[in-house]
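*Asks:* Below is one structure. I have some questions about it.
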Amino acid sequence: MSRTLRTVIVAVLVAAGAAGAQPAREGGEPFAGVVYDLTQGGVRLGEASVGLIETDEGFRSRSYVDLPGIARLDDELVTRPDGAALSYAVSGTVQGVAIDMRVEFGPAGASVRLTQAGRESTFTLPSDEPLYVVDNNFLDGLQVLVSVVLREPAQPLDVAVVVPLGGAVGRLSLAAREGTERVELAGGSAEATVLDASLSVGPQTVDYVVWAGEDGRILAVELAAAAVRYELRDAATGAGDEGEAARETAAELLERTAACVETRELRVESSGETLYGELSLPVDAPAAGAPTLLLLPGSGAVDVDGNSPPVLTNSGYRQLAQALGCAGYGVLRVAKMGIPPSTGDANAATLDSYAADTAAWLAALAEESGVDARRLGLIGHSEGGLIALYAVAEGYVAPDALVLIATAGRPLAVLLEEQVVASARRAGMSGEALEAYARDAAELLDAVRRSSGQALEAEGELADNELVPLFAHAAGLLRSEIDVDPAALAASVDVPVLVVQGLKDIQVLQVDGQLLADALPRATHLELRDLTHDLVDTPLPAEQKPFPAPTDAVSETLVAAVTTYLHGTLKLAH
């Protein structure tokens, strides 16, 4: 699919709107953010995600849309209890052009301030009626309207809507059909309320169908005329073999394992900042203390629970820590520099500063009551695995055991180019457009290597590079990591190491685990058939499960494998 065609598709959706999210119920407790896949004619174009809260004051949402090679946008919508908009903001890039829009709503309509490629403009969208928002492939505006309709399903809605980036006011009708029906989804089928929607903007009218689950969450949205469909990942219920036992959910695992551990906060000074962590120790630890592991998180703004809303929200790291606590192991989960509550600038970190932070945390653990300082280990997940290898190979730390989960065995530069191209190909890009995208990736890496500061300026030959805005802010960190060879580091790591590689991982591949295992002098290598990159299992094809659902429990097989390995290494170490 060419870039031109993909851009036309985005323009259609901008005009038509489209949406889905899940609102909170009474008491204001939010559902976690959820992710939707966007396809056209069965070809995946990208994804959108929403975290939405409903309180007595109204709705508030934050969401994003990611169409590789086209746009990456984030929005925030605030409404009244009836769903009418109070404020709306959207920012990001479209075809590499920076966009920022702020909209305020009042009795006379909407006041808009738009900054595009550094140029600012203002305009108004007059309306005598309250305005609702349906905009730009985001999934929150329609979800708000669906939530309002489902309060009284017999009462259809007919409201004035604003399409901010389209610069237009239109009209949307939404009505629920009687009864329910099953909707077919990628993972099976689910019982749903069906709603018919019609959006008119000027002479254009777009009809689409919405399927909502029992909790009011949108499961799927389909614009039949354009063959466009949004589908909630892992939405199916009631599918699968009748005799198969229900999988444990994340909440159930956390509740089951909570009694195994006592958790307390830790702080340590490192790299000129105050770093934050949470240490869970088994309640039945021996008098000498429990063997304990420092869990080094993956890349990005991942908190101590392993969450990075709205994409990661199932608290995977906390699940793993509590499950290991039930097996007798302490786990320290940490927030990297600049990830609250840790202080500092996350983009100022480097591989060396991460290694120094690792040493500071292990030193603090050795002094902590309830921890056996003679039996300390590291668990590195994804980028955390690279940090662990580097810290050990360069002499920053000397743990008694090391567990690497979904850790690259090739330099990050190789993986980044591979992932960028693979993501674009999955989104339907091919031919010259795909080749151009690959050149953008190579150009970005070369620019990072030549750079000297913390950030990369998107100017000159980089001005039209679509990937630069995604990585420019962390050029210093990238420069410190992209050409480091994990297999070369592994060759000098002479401690017992468990290498765990999931075969449903689309970010780090089977070959990466093999390279690490071959290079490590004392490696145990496990390949888990259904394990994804983010520690959960899936029976689906790997491409259909790029991220875990909020309800996904950490892989039982992974927990058992790590526990068995630690019983034979860290528990015996002195």
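*Asks:* Restrict the check to the range 96-116 and report whether at least one residue is open to solvent by less than 10 Å² (accessible area, probe 1.4 Å), under 25 Å from the mean Cα position of the chain (by Cα) and under 21 Å from Ala175 (Cβ atoms).
*Replies:* The answer is no, given that none of the residues of the range 96-116 is open to solvent by less than 10 Å² (accessible area, probe 1.4 Å), under 25 Å from the mean Cα position of the chain (by Cα) and under 21 Å from Ala175 (Cβ atoms).
*Asks:* Under 7 Å between Cβ atoms, at least 6 apart or on separate chains: pull out the pairs that start in the range 339-368 with a residue that is farther than 28 Å from Ala290 by Cα and end on any residue that is of a type in the set (Ser, Thr, Tyr) and open to solvent by less than 50 Å² (accessible area, probe 1.4 Å).
*Replies:* Thr343/Thr274; Thr350/Ser480; Leu351/Tyr390; Leu351/Ser480; Asp352/Ser480
*Asks:* Would you call Ser382 in contact with a Gly (Cβ under 9 Å, 6 or more places away or on another chain), crowded, with 24+ Cβ neighbours inside 10 Å and of a type in the set (S, T, N, Q)?
*Replies:* Answer is yes for this residue.
*Asks:* Starting from residues that are among the acidic types (Asp, Glu) and buried (at least 21 other Cβ atoms within 10 Å of the Cβ), keep the ones in the range 474-518 and report whichever is nearest to Leu456 (Cα to Cα).
*Replies:* Restricting to residues being among the acidic types (Asp, Glu) and buried (at least 21 other Cβ atoms within 10 Å of the Cβ), the top hit is Glu481.
*Asks:* Still on this structure, please answer the following. Taking the criterion of being open to solvent by 20 Å² or more (accessible area, probe 1.4 Å), in contact with a helix residue (DSSP H, G or I) (Cβ under 7 Å, 6 or more places away or on another chain), of a type in the set (A, V, I, L, M, F, W, C) and touching a residue at least 60 places away in the same chain (Cβ under 8 Å), would at least one residue in the range 292-308 satisfy it?
*Replies:* no
*Asks:* State which residue is most open to solvent (accessible area, probe 1.4 Å) when the search covers only the range 138-173 and only residues that are in a strand (DSSP E or B), hydrophobic (A, V, I, L, M, F, W, C) and at pLDDT below 90.
*Replies:* Ranking the qualifying residues of the range 138-173, first place goes to Val169.
*Asks:* To continue, here is another question. What number of residues within the range 316-334 are over 22 Å from Gln507 (Cα atoms) and either open to solvent by less than 10 Å² (accessible area, probe 1.4 Å) or aliphatic (A, V, I, L, M) (or both)?
*Replies:* The qualifying residues number 11.
*Asks:* Follow-up question, since we're still on this one. Somewhere in the range 228-238, is a residue modelled with pLDDT under 85 and within 26 Å of Pro126 (Cα to Cα)?
*Replies:* No - not one qualifying residue is present in the range 228-238.
*Asks:* Give the residue that is most open to solvent (accessible area, probe 1.4 Å), with candidates limited to residues of the range 398-449 that are of a type in the set (Val, Ile, Thr) and in a helix (DSSP H, G or I).
*Replies:* Across the range 398-449, the extreme among qualifying residues is Val414.
*Asks:* Only one of these conditions is not met by Ser452: (1) surrounded by fewer than 18 Cβ atoms within 10 Å (Cβ to Cβ); (2) under 12 Å from Pro68 (Cα atoms). Which number is it?
*Replies:* Exception for Ser452: condition (2).
*Asks:* Does Thr313 satisfy being under 26 Å from Leu412 (Cα atoms) and surrounded by fewer than 20 Cβ atoms within 10 Å (Cβ to Cβ)?
*Replies:* no
*Asks:* Looking at (1) open to solvent by 10 Å² or more (accessible area, probe 1.4 Å); (2) part of a helix (DSSP H, G or I), which is the one condition that is false for Arg182?
*Replies:* (2)
*Asks:* Those residues that are closer than 24 Å to Lys336 by Cβ, part of a strand (DSSP E or B) and not aliphatic (A, V, I, L, M), I need them from the range 270-290; list them, please.
*Replies:* Those that are closer than 24 Å to Lys336 by Cβ, part of a strand (DSSP E or B) and not aliphatic (A, V, I, L, M): Ser270, Glu273, Thr274, Tyr276, Gly277, Glu278, Ser280.
*Asks:* Pairs, please: C-beta under 6 Å, at least 6 apart or cross-chain, first residue over 24 Å from Thr122 (Cα atoms) and in the range 146-164, second open to solvent by less than 10 Å² (accessible area, probe 1.4 Å) and part of a loop (DSSP other than H, G, I, E, B)?
*Replies:* Ser147/Pro23; Ser147/Gly216; Val148/Gly83; Leu150/Gly216
*Asks:* Considering only the range 476-574, give the helices (runs of 4 or more DSSP H) lying wholly within it that have at least 3 residues that are more than 21 Å from Gly377 (Cα to Cα).
*Replies:* Here the list reads 510-519.
The values are calculated or read from the model by the stated rules, or taken from the named source; none is laboratory data. Since this is a predicted model, take the numbers as computed values, not measurements. We place every Cβ from the backbone using ideal geometry, glycine too, and count neighbours over all the protein chains shown. All accessible areas refer to the heavy atoms of the entire protein, side chains included, with ligands and DNA or RNA removed. Shrake-Rupley method; radii C 1.70, N 1.55, O 1.52, S 1.80 Å.
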